[in-house]
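One structure below.
Nothing in this text is a laboratory measurement; each read-out follows from the coordinates by a stated rule. All figures in this text were calculated on a predicted structure; none of them were measured in a lab. Please note: Cβ atoms are built from the backbone with ideal geometry, for glycine as well, and neighbour counts cover all protein chains shown.
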Amino acid sequence: MLSNRSIPLATVIPVLAYPDVHQAAAWLCAAFGFSVRLRIGDHRVQLNVGDGAVTLREMRASDTAAPPDGRISLTIRVEDADTHCARAKEHGAHITQEPVTHPYGERQYNAEDFAGYSWTFSQSVKDVHPDEWGGTAVQL
């Protein structure tokens, strides 16, 4: 695949709509520790998220004014879920589930940002084969 400096290297790049992309970028960077990669006019901002990326775009007239409906959720891997959760709280993120360690080896918490998007932040705490917790390994 050809590399292009105008787009993140990530294979999957979610695009989320916000009324003010610059305000959203500032908040997401402060609350969740993301960083700005590229600004495109006043209508789009690319953010670095670890070795991944997310793009923010301005809301269009055809977009609903209501927050997302729950069908959209993003999972981001982090080094320390508890520290990350504390930072998110300090910046006003609505924590919908405090950090909890799951049988599949992940410590996770859930948060909503100021626009209603749902985020799960996940810390790997143990390498667990899916067979051990009821998963079905197809291709690992």
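With n ≥ 4 as the cut-off for DSSP H runs, can you work out [θ] at 222 nm for the chain, using -39500 (n - 2.57) per run divided by the number of residues, rounded to the nearest 500?
Details: 2 runs with 22 residues, N = 140.
-5000 deg cm²/dmol, from helical runs alone.
The angle between the Cα long axis of helix 81-90 and the main principal axis of the chain comes to about 30°, on a 0 to 90 degree scale. Ranking Val138, His94, Val21 by Cα position along the charge dipole of the chain, where only Lys, Arg, Asp and Glu carry charges on their C-beta atoms, puts Val21 farthest toward the positive end. What the Cβ-Cβ distance of Leu9 and Leu140 gives, at R0 = 30 Å and to the nearest 0.05, is a FRET efficiency of 0.80.
One chain, two ends: Lys89 and Asp127. Fully extended at 0.36 nm per residue, the span grows by 10.9 nm beyond their Cα-Cα distance. Compared with the dominant principal axis of the Cα atoms in the chain, helix 21-32 is inclined by about 30°. Only Lys, Arg, Asp and Glu carry charge here, each on its Cβ (+1 for the first two, -1 for the last two); on that basis the stretch 68-132 has a dipole of about 140 debye about its Cα centre.
Can you give the convex hull volume per residue for the Cα atoms of the stretch 1-60, as a whole number of Å³? If you can, show how the numbers build up before the last one.
On the way: hull volume 4.9 nm³, N = 60.
It is 81 Å³ per residue.
Applying a DSSP loop filter and a limit of 15 other Cβ atoms within 10 Å to the trypsin sites (Lys or Arg not before Pro) in the stretch 28-90 leaves Arg60, Arg71.
Rounding to the nearest 20 debye, state how big the charge dipole of the chain is about its Cα centre with +1 on each Lys and Arg Cβ and -1 on each Asp and Glu Cβ. Each step should come with its number before you reach the end.
On the way: 12 positive and 17 negative charges, 107 e Å.
So the dipole magnitude of the chain works out to roughly 520 debye.
Remark: spin-label model distance Leu2-Val36 equals 2.9 nm, labels positioned 7 Å along the Cα→Cβ axis.
For the stretch 1-119, go through all pairs of different Cα atoms, get the mean of 1/r, take its inverse, and jot down that Kirkwood value in Å. Evaluated on the stretch 1-119, it is 15.2 Å.
Taking only the C-alpha atoms, wrap a convex hull around the stretch 68-132 and report its volume per residue in Å³ as a whole number.
Numbers: hull volume 5.2 nm³, N = 65.
Dividing the Cα hull volume of the stretch 68-132 by its residues yields 81 Å³.
Please compute the contact order of the stretch 1-50 in relative form: average sequence separation of alpha-carbon pairs under 8 Å and at least six residues apart, divided by the residue count, as a percent. Kindly include the intermediate steps, with their values, before the conclusion.
Details: 37 pairs, mean separation 14.2, N = 50.
Answer for the stretch 1-50 is 28 percent.
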